[in-house]
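One structure is given here, and the rest of the page talks about it.
The values are calculated or read from the model by the stated rules, or taken from the named source; none is laboratory data. Predicted model only: the values in this text are computed from it and were never measured. Methodologically, a virtual Cβ is constructed for each residue, glycine included, from the backbone with ideal geometry; neighbour enumeration extends over all protein chains shown. Surface areas here come from the heavy atoms of the whole protein model, side chains and all, with no ligands, DNA or RNA. Shrake-Rupley method; radii C 1.70, N 1.55, O 1.52, S 1.80 Å.
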Amino acid sequence: MALALLCAAVFLDSMDLSLMGVALPAIGRDLSLSEGTLQWLVSGYAVAYGGFLLLGGRMADLFGRRRVFLLSLAVFAAASLVGGLLSDGWALVVTRVVKGLAAALTAPAALSLITTTFAEGARRNRALGVYALAGATGYSGGLIASGLLTEVSWRLVFFFPVPIALLVLILAPMALPRVDRSHSTARGFDGAGALTITAGVLLLVYGLTETTWPAGAAAALLLVAFVLIERRQRHPLLPPRVFRSRNLVTANLAALAWACATIGWQFAAVLYLQQVQGYGPLATGLGIAPMGLAIVVTANLAGRLISRWGLGRTAAVGMLIQATGILLFLRAGATGDYIGVLLPALLVHGVGNGLSFPSLNIAAVDGLPDEQQGLASGLITSSIQIGAGIGVALLASLMSMGGSGLDGYRLAFLAAGCFSLLGATLASIGLRARARVSHEAQVRA
């Protein structure tokens, strides 16, 4: 029951991303909003989510994972409800920012509750496989649900997560463990580090989203200041010893490349289906749904494959398969054959995605003590969000460079495939040694 409730949180976070994307045109028409305001209905969520993740993970360690999970989920539900009642564009953006902040606290708290509840090894791998499965199901289900809900009213897109969140809030206090194995105390909270890293990552994600160099330069300065602060802190927000874990560093770099590939590809693919193929919102969601189904099926098997092959090999093979699926989209034309061209590419991409995503999440927390699980969970999710910003910004630029027609889309698909190949290389080299240790430990267990 605890695992199901925690997975419901990542289901909501993933679903919220895809729900909003398909509903944007209807919101814009109904409220007469500009494209800039509509963009921030998505970007506001992403900026807050990516910017506060590291702080959210540390808060879970310091103040109690169960407490942070419940409070942030309640804020998420309230912001969803308020958003569905509003009719002002920038007020809607504010609710999206609040939801992103709440998700930044919920996600690492949920993931670290799983990693501290299930012992390292096969049981944790299976639990994290289910967690990844929930995220895949949420994203795929959101694409379909958004099209259906928007046909009735775009406000239902805001209201839809509310009953799910309320159900989790009712059941979670009875199911989640009351004893929180967090060893840190609030007295050790690193305020200066929290301020600089949060502001730095916020500006970094904002700069990537808006492609503004001043924000990027300010982000770089704040991140340098954060490193200097952490070296002098008695209780640092991000202890330097965490980066002694080769698995953690490699998993985060590979996850960044993974997000550049898959989230960037999704951005380009949705535009391709709508602008080139002429798909409507519902048809787009249904067209991509087979990839989601492949992710769901494969993620359900990922735990067993990780126990057999090890983390490095599973992640590398998954990202190689994902790269193959993305590069198969280079075959797509102006009047693409869905059955013969697009469907095989979507299925292959889904299989690779379902293998690589759980592997990288497990690698990021593998071998770390319980008091650092929330921090590590926040790091890996933050890497994914930052990678998503980089991937979307870069692929959008490549699409513009390619001009009108298919050339821009093909440049974007090629770049996304290269990102996936980079991630496969990192996983193969950096995770191999640690994966063998984990596998031997599972065999002994």
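If you go through the range 419-445 and pick out every residue that is open to solvent by 10 Å² or more (accessible area, probe 1.4 Å), outside any helix (DSSP H, G or I) and at pLDDT 50 or above, you end up with 0. Which of the residues spanning the range 115-144 are among the hydrophobic types (A, V, I, L, M, F, W, C), surrounded by 24 or more Cβ atoms within 10 Å (Cβ to Cβ) and over 30 Å from GLY280 (Cα atoms)? The answer is LEU128, and nothing else.
Kindly establish whether ALA254 is aliphatic (A, V, I, L, M) and within 29 Å of ALA26 (Cβ to Cβ). It would help to see each step written out before you state the result.
Values: aliphatic (A, V, I, L, M): yes; within 29 Å of ALA26 (Cβ to Cβ): no.
So ALA254 fails the test.
Name the residue, out of LEU343, LEU286, LEU305, LEU311, that is among the hydrophobic types (A, V, I, L, M, F, W, C) and open to solvent by 50 Å² or more (accessible area, probe 1.4 Å). Being among the hydrophobic types (A, V, I, L, M, F, W, C) and open to solvent by 50 Å² or more (accessible area, probe 1.4 Å) holds for just one of LEU343, LEU286, LEU305, LEU311, which is LEU286.
When TYR272, TYR279 are checked against the criterion of being outside any helix (DSSP H, G or I) and of a type in the set (Phe, Trp, Tyr), TYR279 stands alone in meeting it. Evaluate the range 105-119: report whether one residue or more is over 25 Å from LEU54 (Cβ atoms) and of a type in the set (A, V, I, L, M, F, W, C). Checked against the condition, which is being over 25 Å from LEU54 (Cβ atoms) and of a type in the set (A, V, I, L, M, F, W, C), the range 105-119 yields at least one hit. Of everything listed in (1) open to solvent by 10 Å² or more (accessible area, probe 1.4 Å); (2) under 17 Å from the mean Cα position of the chain (by Cα); (3) within 16 Å of LEU360 (Cα to Cα); (4) of a type outside the set (Phe, Trp, Tyr), the single unmet condition for LEU105 is (3).
Quick one: how many residues across the range 3-40 are within 17 Å of the chain's Cα centre (by Cα) and of a type outside the set (Val, Ile, Thr)? First the steps, then the outcome.
Going residue by residue through the range 3-40, those that are within 17 Å of the chain's Cα centre (by Cα) are 6-21.
Right, trim to of a type outside the set (Val, Ile, Thr) and you get 6-9, 11-21.
Number of matching residues: 15.
Among the residues of the range 1-54, those that are without any contact (Cβ under 8 Å) to a residue 60 or more places away in the chain and of a type in the set (Val, Ile, Thr) comprise THR37, VAL42. Residues in the range 376-418 that are open to solvent by 40 Å² or more (accessible area, probe 1.4 Å) and either modelled with pLDDT of 75 or more or assigned to a helix (DSSP H, G or I) (or both): ILE390, VAL392, LEU394, SER397, SER400, MET401, ASP407, ARG410, LEU411, LEU414, CYS418.
Scanning for something within 16 Å of PHE11 (Cβ to Cβ) and of a type in the set (D, E, K, R), does the range 97-113 turn up at least one residue? Yes. Picking from GLY350, GLY340, GLY354, GLY318, which residue would you name as being within 30 Å of LEU271 (Cβ to Cβ), free of Cβ contacts under 8 Å to residues at least 24 places away in the same chain and either in contact with a Ser or Thr (Cβ under 9 Å, 6 or more places away or on another chain) or among the small types (Gly, Ala, Ser) (or both)? Exactly one residue qualifies, and that residue is GLY340. Is one or more of the residues making up the range 26-38 basic (Lys, Arg) and under 22 Å from LEU148 (Cα atoms)? Yes, the range 26-38 has at least one match. As for the range 320-334, it holds at least one residue that is within 26 Å of ALA110 (Cβ to Cβ), within 19 Å of the chain's Cα centre (by Cα) and open to solvent by less than 50 Å² (accessible area, probe 1.4 Å).
Quick check, is ALA225 touching a residue at least 24 places away in the same chain (Cβ under 8 Å), more than 19 Å from TYR49 (Cβ to Cβ), open to solvent by 30 Å² or more (accessible area, probe 1.4 Å) and assigned to a helix (DSSP H, G or I)? Here the answer is yes, as ALA225 does meet what is asked.
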